[in-house]
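Below: the structure, in structure tokens.
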Amino acid sequence: MQQSARSSSESYFWPTIWAVALHALMFAMLFVSFQFAPDLPPPKPIVQVTLYSPKSQSQATTQTNQKIAGEAKKTAARQYEQEQLEAKKEEQKKQEAAEQKKAEAAKQAEVAEKKAEAKKAEEAKKAEQKKLADIAKKKSEEEKKKAAEEAKKKAAEAAKKKAAEDAKKKAAAETAKKKAQEAARKSAADQKAAALADLLSDTTERQQALADEVGDQVTGNYDDLIRELVTRNWIRPPSARNGMSVTVQVNMLPGGSIVNASVVRSSGDAAFDSSAVTAVRNVGQVTEMQSISPADFAPYRSFKMTFTPEDLDL
């Protein structure tokens, strides 16, 4: 009886050992496969363990196998949860990295946008400054041009005013000159008339003698003619002074040609004396006396003329 029970116990020993070894090998292979699995979450594993036991397996072996299967399921479940947790953490890390990368990209974009805005603002500022500088330059040029035009206008007005003043002065000078000439002519005429009156009153005896020979009218006419011709050619020198007097002897040929003029009584001023002689000689010939009769010419063959700065006397 004891031998029969022993034989029965020994008959279950090796199958149990093999069953435990088989389960251990399966767990080992499962663990290795979990270690080398990819990062992506694997599909939920379904572990089926089928235990084959001989018909002669005992109830204890079956319970042991069931217990081992339960432990394997629990281990697989914990392993799955761990893997899911790791995968979730990895996914979270990836999301955080992506968010960080996105944030950095947004930050860089913001920095780039700020730089672009700053560059744009700087360019706008430079453009505004250039615009203001151009406006200031244009304004300065316009002011310079306006000032130049004003200066030119003022210069033209000044020149015009000066020209008008010069013309006015010239006209006044011409008027004054004409008045002076008129006054001088009038004075000379008055002096000549006075001298003639004096001559007529002072040379009554001479005129009477001439009247006895050729007649008062003829003598008076040639005296005036000779006096007028000499006066035209007489240029009074600057040294002439009132009170001077020079007497010139005049020799004339029939026909009215003057052949000689010489000083017979000097004024004491050589220039004044020379001017009187030159005035007589420059007459040259009194053409009006070409037809005079010898009797009328006789008084003019040799006669004297007296020169004074005021007038001359014959």
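With label points built 7 Å along Cα→Cβ from the Cα atoms of ASN260 and ALA106, find their separation and express it in nm.
Output for this residue pair reads 14.3 nm.
Given a Förster distance of 22 angstrom, what is the FRET efficiency for ARG232 paired with THR278, based on the Cβ-Cβ distance and rounded to 0.05? Each step should come with its number before you reach the end.
On the way: r = 13 Å, r/R0 = 0.57.
After rounding to 0.05, the efficiency reads 0.95.
Please give the peptides 63-75, 267-279 ranked by average Cβ packing (other Cβ atoms within 10 Å per residue), highest first, as a rough proxy for protection. Show your work: numbers first, answer last.
Working: 63-75: 13.8, 267-279: 17.4.
Packing order, densest peptide first, comes out as 267-279, 63-75.
Near ALA98, within a Cβ-to-Cβ distance under 14 Å, what is the net charge of the other residues, with Lys and Arg +1 and Asp and Glu -1? Walk me through the intermediate numbers first.
On the way: positive: LYS93, LYS94, LYS101, LYS102; negative: GLU90, GLU91, GLU96, GLU99, GLU104.
With Lys, Arg at +1 and Asp, Glu at -1, the net is -1.
Binned at 5 Å from 0, what are the whole-percent values of the Cα-Cα distance distribution for the stretch 93-147, short to long?
Per 5 Å bin, starting at zero, the Cα-Cα P(r) for the stretch 93-147 comes out as 6, 15, 12, 9, 9, 8, 7, 8, 5, 6, 4, 4, 2, 2, 1, 0 percent.
For ARG78 paired with GLU142, estimate the spin-label separation in nm (one decimal), with each label point 7 Å from Cα along the Cα-to-Cβ line.
For ARG78 paired with GLU142, the spin-label model returns 9.4 nm.
Based on the mean of other Cβ atoms within 10 Å per residue, sort peptides 222-231, 81-90, 117-126 so the most packed one is first.
222-231, 81-90, 117-126
Where the eigenvalues come from the Cα gyration tensor of the stretch 214-313, what are the semi-axes √(5λ) of the equivalent ellipsoid, largest first, in whole Å?
Values: eigenvalues 126, 32, 26 Å².
In descending order the semi-axes read 25, 13, 11 Å.
At 0.36 nm per residue, and after removing the present C-alpha to C-alpha distance, how many nm does the segment from GLU149 to ALA171 gain when stretched out fully?
In short, 4.7 nm is gained.
Express in nm, to one decimal, how much length is gained between LYS115 and LYS160 on full extension, taking 0.36 nm for each residue of separation and deducting their alpha carbon distance.
Working: separation 45, 0.36 × 45 = 16.20 nm, distance 6.55 nm.
My answer for the length gained is 9.6 nm.
Each reported figure results from applying straightforward, stated rules to the coordinates on display, with no laboratory input. Remember, predicted model here, so these are calculated numbers, not experimental data. Here the Cβ is made from the backbone with ideal geometry for all residues, glycine too, and neighbour counts use every protein chain on show.
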